[in-house]
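Engineer: Here it is, the structure, as structure tokens.
The values are calculated or read from the model by the stated rules, or taken from the named source; none is laboratory data. Model, not experiment: these values are computed from the prediction. Ideal geometry is used to build each Cβ from the backbone, glycine not excepted, and the neighbour counts take in all protein chains shown.
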Amino acid sequence: MFKVFIADGARAIRDDIEKRLLPLDDIMVVGKAKDAYEALEGIKESKPAIIILEKDLPEAGALNVLKSLQFKCIGSFVIILCQSKGDVDRKKLQNLGANYFLDKVAELGKIYELIQDRVIESKEIIRLHRQNF
């Protein structure tokens, strides 16, 4: 089971993402947050495999959340939701662990496919690892 944490200032977006992930058997949404403070607490507590963060998350933003989580979410797959892909300081976010960037409006529909691919990839890595040991 892959744990997912969703942090976005808009309840409708959080609920929409959760609804999109429901059909995935190996996914469990372990928490949702409306701001950076809730996100930090929830991520530390739940230790999710997949973290979805709004770039402009209220109170501190994704950049500060990732800075605060440094080394606590190593191995987590981090998706950053942006208003537009062009406004993102990708390099800083990538250096802090962001793996993928989605336009919050135009590309939200891709989140199901992206997470499904990540789960399949992770399962294959686990299978190969078990074969070799």
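Engineer: Looking only at the range 22-74, which residues are closer than 12 Å to PHE5 by Cα, in contact with a Pro (Cβ under 9 Å, 6 or more places away or on another chain) and among the small types (Gly, Ala, Ser)?
Structural biologist: GLY31, GLY42
Engineer: For the list (1) in a helix (DSSP H, G or I); (2) in contact with a helix residue (DSSP H, G or I) (Cβ under 8 Å, 6 or more places away or on another chain), I need the number of the one condition that PHE101 fails.
Structural biologist: (1)
Engineer: Would you check if there is a residue in the range 97-104 being of a type in the set (Asp, Glu), surrounded by 15 or more Cβ atoms within 10 Å (Cβ to Cβ) and at pLDDT 80 or above?
Structural biologist: Yes; the residues of the range 97-104 include at least one that is of a type in the set (Asp, Glu), surrounded by 15 or more Cβ atoms within 10 Å (Cβ to Cβ) and at pLDDT 80 or above.
Engineer: Let me ask something else. When residues of the range 113-133 are filtered for being surrounded by 15 or more Cβ atoms within 10 Å (Cβ to Cβ), over 12 Å from the mean Cα position of the chain (by Cα) and not small (Gly, Ala, Ser), how many remain?
Structural biologist: Looking only at that region, the number is 2.
Engineer: Given the conditions (1) basic (Lys, Arg); (2) at pLDDT below 85; (3) part of a helix (DSSP H, G or I), which single one is not true for ARG118?
Structural biologist: (2)
Engineer: Taking ARG90, is it surrounded by fewer than 17 Cβ atoms within 10 Å (Cβ to Cβ) and either closer than 15 Å to GLY9 by Cβ or in contact with a strand residue (DSSP E or B) (Cβ under 7 Å, 6 or more places away or on another chain) (or both)?
Structural biologist: yes
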